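Enquirer: If you scroll down you'll find the structure; I have some questions about it.
Just so it is clear, none of the values below were taken in a lab; they were calculated from the coordinates. Every value quoted in this text rests on a predicted model; they were computed, and no experiment measured them. Using ideal geometry, Cβ is built from the backbone for each residue, glycine included, and neighbour counts are taken over all protein chains shown.
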Amino acid sequence: MPDQQNAQQKKRIVALISGSGTNMMALHRACEAGYINGELVGVIANKESAGGLAKAEAEGISTAVLSHKDFAERETYDVQLQALIETYQPDLIVLAGFMRILTQPITQHFAGRMLNIHPSLLPKYKGINTHQRALDAGDTEHGVSVHFVTEELDGGPVVLQAKIPVFEDDTAADLQERIHEQEYRIYPLVCQWFCADRLRLTAQGAMLDGELLGSQGYATD
Ligand code: GAR
């Protein structure tokens, strides 16, 4: 029964990072605990200084650095990045604080098996400085989204969001801390769904257990 065997096989996950890699580590721990039917087989950073690299190495996870500074063109960087990712033969690629805009060919190549976590309630605040922008706008609620990656920056179908309150004296750092707590819950959950073959990307949008998800993902209120 090859299908059943496939379903039980652990999915190979590659994480792309630029920074401290705390989301990457949350995913790794969730794999180790058996919460996700997967294994983090590789961590790729676009900077040698990414703090997450040492964390991954300490766990015995294969790491690689592909510096964007060695490439004049975004397109040629992405060609190399795609080839590097492919060496790990991944089932799932997770962007975990990877601060690069990806070009259309690489997003197309990995369509349906690349996820991103973005610290805003998409479609609000695509791009950077999301916490400060939420504060500047006087928002009383903020949040984080996990979505499939498409060629549109932070624009692919949302799978799951988590909301946090914004209090009067909050700083961007306060929001980031509160967001992180939610990130460590929702990203592993979405990866669990994906690795259990419950979640997929279709032409209509993200589907969980055969149901099309709404524009703000699962459990939209
Ligand atoms: C996370 O908050 C993630 O949502 C954000 O970077 C942080 C990485 O933290 N991602 C983006 O802003 C992507 N546009 P980490 O390195 O500790 O996981």
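Enquirer: Can you work out the FRET efficiency for the pair Glu152 and Ala58, with r the C-beta to C-beta distance and R0 = 45 Å, to the nearest 0.05?
Expert: Once rounded, the FRET efficiency stands at 0.80.
Enquirer: Using a 7 Å offset from Cα along Cα-Cβ at Asn129, what residues in the stretch 154-179 end up with backbone N under 17 Å from the label point?
Expert: What the label zone holds, given the 17 Å backbone N cut-off, is 171-176.
Enquirer: Also: Given H placed on each backbone N at 1.01 Å, which residues far from Gly143 in sequence or on other chains put an amide H within less than 5 Å of it?
Expert: Close amide H contacts, sequence-distant or interchain: Leu121, Ile164.
Enquirer: Based on DSSP, what percent of beta bridges with both residues in the chain are antiparallel, to the nearest 5?
Expert: 50
Enquirer: Could you list Glu177, Glu183, Glu152 in order of exposure, starting from the residue whose Cβ has the fewest other Cβ atoms within 10 Å? Could the numbers behind the result be given before it?
Expert: Details: Glu177 13, Glu183 23, Glu152 10.
Taking fewest neighbouring Cβ atoms as first place, the list is Glu152, Glu177, Glu183.
Enquirer: Between Ala33 and Glu141, what is the spin-label point distance in nm, taking each point 7 Å from the Cα along the Cα→C-beta axis?
Expert: 2.6
Enquirer: Here's something else I'd like to know. Rounded to the nearest 5, what % of DSSP beta bridges with both residues in the stretch 1-86 are antiparallel?
Expert: Counting only bridges with both partners in the stretch 1-86, antiparallel ones make up about 0 percent.
Enquirer: Measuring from label point to label point, each 7 Å out along Cα→Cβ, what is the Ala196 to Ser215 span in nm?
Expert: Between Ala196 and Ser215, the simple spin-label model gives 2.9 nm.
Enquirer: Along the stretch 140-147, what does the Karplus equation 6.51 cos²θ - 1.76 cosθ + 1.60 (θ = phi - 60°) give for ³J(HN,Hα), rounded to whole Hz, x for Gly and Pro?
Expert: Working through the residues one at a time gives 9, 9, 9, x, 9, 10, 10, 9 Hz.
Enquirer: Moving on. Can you work out the Karplus-derived ³J(HN,Hα) for every residue in the stretch 21-31? Use 6.51 cos²θ - 1.76 cosθ + 1.60 with θ = phi - 60°, whole Hz, and x for glycine or proline.
Expert: Taking θ as phi minus 60°, the curve returns x, 6, 5, 4, 5, 4, 5, 4, 4, 5, 5 Hz for the stretch 21-31.
Enquirer: Same structure again: Tell me the relative contact order for the stretch 84-221 as a rounded percent, counting alpha carbon contacts under 8 Å between residues six or more apart. Don't skip to the end; give the middle numbers.
Expert: Details: 214 pairs, mean separation 29.1, N = 138.
Relative contact order of the stretch 84-221: 21 percent.
Enquirer: Also, quick follow-up: Classify the stretch 2-86 from the C-alpha gyration tensor, please: rounded if a/c falls under 1.5, else prolate or oblate depending on whether a/b exceeds b/c. Numbers along the way, then the final one.
Expert: Values: a/c = 3.18, a/b = 1.51, b/c = 2.10.
Oblate is the answer for the stretch 2-86, as a/c is 1.5 or above yet b/c matches or exceeds a/b.
Enquirer: Give me the dipole magnitude in Debye, nearest 20, for the stretch 127-221 about the Cα centre, with unit charges on the beta carbon: positive for Lys and Arg, negative for Asp and Glu.
Expert: 420
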